[in-house]
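Here's the structure we're looking at; comments come further down.
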Amino acid sequence: MNLSNEYMSLIEIAEKAGEPIRTDDAHVIVHANNIIAAKDIPGLEIDAEETEFGIRASFTVKAGAVLKKPVHLCFGHLGKEGKQIIESRIVLEEGAKAKFYSHCIFPNAVKFLHAMEGDIVVGKGADMTYEEVHVHGPEGKIEVRPLTRVVVDEKGRYVSNFSLIEGRVGILYLDVEVDVVGWLGSAEITSKVYGKYDDICNVKDTIRLSGEKSSGLAKARVVLKDNSFGKFFGEVQGAADGSKGHVDCTEIVQGNAKAEAVPVVSVVHPGAEITHEAAIGRIANEKLWGLMAKGLTENEAIDVIVSGLLR
């Protein structure tokens with residue numbers, strides 16, 4: 001495929017999966033290790049270079065800048081085999097506000113490695129949202145390894161949402177660590193995963209609250225069916241006076257799927273308050289029968305119910 005066709009294919013799939021990408025929006029679009037489009041805007045500096053198997057990029061939102069539209073990061077590959085490694089660093093300077101929308105697109109991948117190593121710094125009074133949406137094909141067993149390290153400063157706010165529910169997961173090792181180091185800083189991490197066949201789904205979310213009156217939420221919704229396996233490890237550590245945190249995990253299993261949940265609450269300061277809840281269960285038969293009575297197959301009924309759970 002030529003670069004123009006690759007660009008249009010990735011754009012079309014990304015728009016179906018989330019917010020549309022317009023040419024005047026800030027963006028970086030990558031196929032394999034080719035940067036096929038990039039654009040920055042006032043208040044945002046982008047520095048990106050191609051590497052042997054992917055790209056290395058830095059994004060800096062300048063102090064006081066408020067980006068009204070999302071910054072789109074589109075990483076993908078239209079082939080069946082290969083690897084793509086993304087190294088990124090995102091910095092929001094003091095008082096900045098921005099939303100990053102990452103589309104990871106592998107519709108034809110059968111044997112593929114997609115790895116992401118990200119460092120994020122949310123400065124004093126800054127506000128960042130990071131949405132990562134994956135689109136995979138119905139077959140194959142792509143290996144996905146996102147590793148993210150985040151630091152949140154005083155009165156900073158970080159919100160992330162990871163979603164891998166379109167197509168087959170394959171093998172997932174999601175690892176997010178957030179250190180809320182500043183007074184009144186906050187972090188909220190949400191992960192949504194739908195495992196099928198013999199998929200392996202591992203989600204690890206860690207939030208350390210070392211800033212006074214800081215807060216954190218680690219939340220996961222994992223649905224497993226067929227012979228898939230899923231494990232959620234979520235930890236929130238209260239290490240400062242007035243810090244409050246919560247771990248919230250729900251896993252749903254169908255067929256021969258297996259699930260594990262490990263919520264960890266850790267308090268190393270007497271003024272911290274950390275709570276948790278975890279549940280593993282099945283989809284109620286009454287819900288399935290109700291939808292099947294309307295003409296849906298069992299698998300179609302499961303998908304409808306799962307879509308509601310993972311919305």
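With r defined as the distance between the Cβ atoms of Met292 and Ile171 and R0 fixed at 30 Å, what FRET efficiency is calculated, to the nearest 0.05? Write down the numbers at each step before the final one.
On the way: r = 31 Å, r/R0 = 1.05.
According to the calculation, E is roughly 0.45.
Can you give the charge dipole size of the chain about its Cα centre, rounded to the nearest 20 debye, using +1 on the beta carbon of Lys and Arg and -1 on the beta carbon of Asp and Glu?
Details: 35 positive and 46 negative charges, 116 e Å.
Approximately 560 debye in magnitude.
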For the chain, modelled as a Gaussian network with Cα springs under 10 Å, which listed residue fluctuates most, Gly54, Gly290, Gly234? Gly290
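I'd like to check one number: the per residue accessible area of the chain, probe 1.4 Å, reported in Å² as a whole number. Let's see the in-between values first.
Values: 13760 Å² over 311 residues.
Each residue of the chain exposes 44 Å² on average to a 1.4 Å probe.
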In whole Hz, what ³J(HN,Hα) sequence does the range 185-193 give by Karplus (6.51, -1.76, 1.60; θ = phi - 60°), x for Gly and Pro? x, 8, 9, 9, 10, 10, 10, 10, 9
Go ahead and set up a Gaussian network model of the chain, Cα springs under 10 Å, then flag whichever of Gly43, Gly137, Gly167 fluctuates most. Gly43
Would you work out the relative contact order for the chain, in percent, from Cα pairs under 8 angstrom that are 6 or more residues apart? 9 percent
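What is the percent of Cα-Cα separations in the chain that go past 30 Å?
Working: 17118 of 48205 pairs.
More than 30 Å apart: 36 percent of the Cα pairs in the chain.
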Can you list, largest first and rounded to whole Å, the semi-axes you get for the range 250-294 by taking the square root of 5 times each eigenvalue of its Cα gyration tensor? 36, 13, 4
Members of Lys80/Lys196; Lys99/Lys258; Lys141/Lys231; Lys258/Lys287; Lys192/Lys294 lying beyond 23 Å, as alpha-carbon distances in this model show: Lys99/Lys258; Lys192/Lys294
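Where the accessible area of the range 206-253 is counted over protein heavy atoms with a 1.4 Å probe, how much of it, in %, is carbon and sulfur? If you can, show how the numbers build up before the last one.
On the way: 640 of 1490 Å².
Exposed carbon and sulfur together represent 43 percent of the surface.
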Would you mind telling me the antiparallel percentage of the DSSP bridges in the chain, rounded to 5? 10 percent
Percent accessible area from carbon and sulfur atoms, the range 22-97, protein chains only, probe 1.4 Å: 45 percent
Of Asn33, Asn227, Asn285, which is the most mobile in a GNM of the chain whose springs link Cα atoms less than 10 angstrom apart? Asn285
Virtual paramagnetic centre 7 Å along Cα→Cβ of Ala63, amide N under 16 Å, in the range 105-149: 122-127
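The values are calculated or read from the model by the stated rules, or taken from the named source; none is laboratory data. Here the structure is a predicted model, which means the values were calculated and not measured. Neighbour counts are summed over all protein chains in view; Cβ atoms, including those assigned to glycine, are modelled from backbone coordinates with ideal geometry. In case anyone asks, the SASA skips ligands and DNA or RNA and just uses the protein heavy atoms, side chains included. Shrake-Rupley method; radii C 1.70, N 1.55, O 1.52, S 1.80 Å.
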